[in-house]
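J.: Please read through the structure below; I'll follow up with questions.
The values are calculated or read from the model by the stated rules, or taken from the named source; none is laboratory data. What you see is a predicted model, and the numbers here were worked out from it, not measured in a lab. Methodologically, a virtual Cβ is constructed for each residue, glycine included, from the backbone with ideal geometry; neighbour enumeration extends over all protein chains shown. Accessible surface is based on the protein model in full, side chains and every heavy atom, while ligands, DNA and RNA are left aside. Shrake-Rupley method; radii C 1.70, N 1.55, O 1.52, S 1.80 Å.
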Amino acid sequence: VNDFLFLPPPLLGLKGNLEMTLASRLSTHANLGLLDECGPFCRIAVGNLAVVQCQAAVVGCLAAVVAFCLDFITTGAFHPRHILLMASASVAAASTASLLLASLMIFIVMASRRLGVDPDNIASPIAGMLGDFCTLGLLSAIAHFLWEMRDDYWWMQWALIVTYSFIAPVCARFASANPYTSGTLREGWKPVIISMLISSGGGLILSRADKVYKMLAPFAPVMNGAGGNLAAVQTSRISTDLHSMGTPGRMPMRRPSSRNSFSDDGDMPEEPLTPKPTFSGLLSANTHSGSARVLISLAVPGAVCFVTLIVHVQSGGQALPQPLFLLVYVAATLVQVSVLFVAAHGIVGNLWCDGLNPDNAAIPYVTSLGDL
């Protein structure tokens with residue numbers, strides 16, 4: 001089924017955004033102390049499980065339709081049975097992965113809170129990494145099983161689609177009645193769908209470039225994944241800080257002296273909590289600019305390690321990357337990550353001022369820009 005070659009990119013992109021936005025929301029709740037009491041914790045956990053189940057069912061079906069359309073546009077072939085197979089396998093894999101990963105994210109955030117570690121720093125990258133691995137593995141296993149059973153048990157594909165057609169609205173109804181997750185259903189769809197379209201543009205660029213530069217493909221996921229994860233950490237941290245100082249719709253102001261003991265309170269004017277969305281803003285005295293510089297610097301050792309590993313493996317252990325290539329790759333990585341951090345500062349600030357929760361919308365935009 002050649003159509004399946006088009007399915008992983010949109011499915012993994014959409015699913016990864018669901019897990020990373022979930023991790024960001026849970027991290028914000030944890031840092032605000034809402035997960036410390038049993039009552040709010042149970043409502044937040046159950047509500048978010050319902051949200052991701054609803055979103056996963058819709059996302060799985062949407063990814064299958066996108067993959068089918070891309071295959072039809074590219075090859076001109078039309079196979080109705082293939083769309084049924086892709087939709088059933090995609091929806092089942094997305095929903096199962098969401099249930100497992102959402103439960104794991106709740107555990108990780110709670111464990112981080114108990115151990116005194118800021119979940120903003122670890123939850124989103126772990127969600128992005130495990131989301132791709134778990135979803136792709138489940139998709140392969142479920143699709144293989146359904147394909148093997150297509151003749152004797154053809155009805156199983158229809159049964160899965162019908163089952164999740166009932167599960168999705170039930171979960172949506174339940175989540176909309178939960179005060180902690182009702183806003184997610186209103187605000188969470190647009191960024192996820194738009195980010196899929198943006199990421200698809202990156203896929204088209206890669207497919208064309210791969211025809212000219214045969215060795216390019218192995219390096220793209222490393223750069224995209226690392227840059228997106230670092231920017232997601234920054235996005236989650238800023239969102240938590242905003243929630244701790246106000247409500248969406250009005251940008252909190254803060255004096256730089258609150259973070260700099262060498263400054264005089266009276267001499268320092270108040271500034272917006274989020275850094276300016278410019279490259280010069282990365283060098284400012286804003287506390288989030290400082291954390292941005294630290295996170296951007298982490299991209300350098302990561303790029304060196306992964307590039308060395310990729311070249312070493314592809315050469316059968318016989319070669320290492322040439323110094324010029326390594327230098328250019330690290331420079332490209334720094335440029336990409338810096339652009340993502342500037343975009344993250346602007347996106348989070350604009351969403352907050354528009355009255356939207358950045359936890360629900362910012363990360364999909366930032367990570368899809370990283371892919372592009």
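J.: Taking segment 112-122 as the search range and keeping residues that are assigned to a helix (DSSP H, G or I) and free of Cβ contacts under 8 Å to residues at least 12 places away in the same chain, which one is farthest from Val52 (Cα to Cα)?
T.: Within segment 112-122, the match that is farthest from Val52 (Cα to Cα) is Leu115.
J.: So, one more: Under 7 Å between Cβ atoms, at least 6 apart or on separate chains: pull out the pairs that start in segment 123-151 with a residue that is of a type in the set (S, T, N, Q) and end on any residue that is modelled with pLDDT under 80 and assigned to a helix (DSSP H, G or I).
T.: If the second residue must be modelled with pLDDT under 80 and assigned to a helix (DSSP H, G or I), the pairs left are Thr135/Leu11; Thr135/Leu12; Thr135/Lys15.
J.: Then there is this: Tell me the residue from Ile205, Ile161, Ile198 that is more than 17 Å from the chain's Cα centre (by Cα), touching a residue at least 40 places away in the same chain (Cβ under 8 Å) and within 18 Å of Leu12 (Cα to Cα), please.
T.: It is Ile205.
J.: Can I ask one more? Out of Leu298, Leu340, I need the residue that is of a type outside the set (Gly, Ala, Ser), within 17 Å of the chain's Cα centre (by Cα) and assigned to a helix (DSSP H, G or I). Which one?
T.: Every option except Leu340 fails the conditions.
J.: Of (1) farther than 22 Å from Leu372 by Cα; (2) crowded, with 16+ Cβ neighbours inside 10 Å; (3) among the hydrophobic types (A, V, I, L, M, F, W, C), Val294 satisfies all except one. Which?
T.: It is condition (2) that Val294 fails.
J.: Continuing with the same structure: Restricting to segment 71-89, name every residue that is assigned to a helix (DSSP H, G or I) and open to solvent by less than 60 Å² (accessible area, probe 1.4 Å).
T.: Passing the criteria: Asp71, His82, Ile83, Leu84, Leu85, Met86, Ala87, Ser88, Ala89.
J.: Could you check, for segment 267-274, whether at least one of its residues is closer than 20 Å to Gly346 by Cα, under 21 Å from the mean Cα position of the chain (by Cα), crowded, with 18+ Cβ neighbours inside 10 Å and at pLDDT below 80?
T.: no
J.: When you check Ala344 against the structure, is it open to solvent by less than 20 Å² (accessible area, probe 1.4 Å), closer than 18 Å to Asp241 by Cα and touching a Phe, Trp or Tyr at 6+ places or on another chain (Cβ under 9 Å), yes or no?
T.: yes
J.: Taking Val366, is it surrounded by fewer than 23 Cβ atoms within 10 Å (Cβ to Cβ) and part of a helix (DSSP H, G or I)?
T.: no
J.: Right, here's the next one. It is to be established whether one or more residues within segment 58-70 are touching an Asp or Glu at 6+ places or on another chain (Cβ under 7 Å) and open to solvent by less than 50 Å² (accessible area, probe 1.4 Å).
T.: Looking through segment 58-70, at least one residue is touching an Asp or Glu at 6+ places or on another chain (Cβ under 7 Å) and open to solvent by less than 50 Å² (accessible area, probe 1.4 Å).
J.: Which count do you get for residues in segment 312-333 that are surrounded by fewer than 16 Cβ atoms within 10 Å (Cβ to Cβ) and either closer than 20 Å to Leu230 by Cα or of a type in the set (A, V, I, L, M, F, W, C) (or both)?
T.: Result for segment 312-333: 9.
J.: Is at least one residue of segment 16-25 in a helix (DSSP H, G or I), open to solvent by less than 10 Å² (accessible area, probe 1.4 Å) and in contact with a Lys or Arg (Cβ under 9 Å, 6 or more places away or on another chain)?
T.: Among the residues of segment 16-25, not one is in a helix (DSSP H, G or I), open to solvent by less than 10 Å² (accessible area, probe 1.4 Å) and in contact with a Lys or Arg (Cβ under 9 Å, 6 or more places away or on another chain), which makes the answer no.
J.: Which residue pairs have Cβ atoms under 7 Å apart, sit 6 or more places apart or on different chains, and have a first residue in segment 210-239 that is more than 19 Å from Lys276 (Cβ to Cβ) and a second that is in a helix (DSSP H, G or I) and of a type in the set (D, E, K, R)?
T.: If the second residue must be in a helix (DSSP H, G or I) and of a type in the set (D, E, K, R), the pairs left are Leu216/Asp210; Ala217/Asp210; Asn224/Asp371; Val233/Asp120; Ser236/Asp120.
J.: Search segment 26-57 for residues being aliphatic (A, V, I, L, M) and not in a helix (DSSP H, G or I), and hand back the single one that is most open to solvent (accessible area, probe 1.4 Å).
T.: Among those residues, the one meeting the criterion is Leu32.
J.: Against the condition on the phi < 0 side of the Ramachandran plot and surrounded by 18 or more Cβ atoms within 10 Å (Cβ to Cβ), how does Asn121 come out, does it pass?
T.: Considered against the rule, which asks whether it is on the phi < 0 side of the Ramachandran plot and surrounded by 18 or more Cβ atoms within 10 Å (Cβ to Cβ), Asn121 comes out as no.
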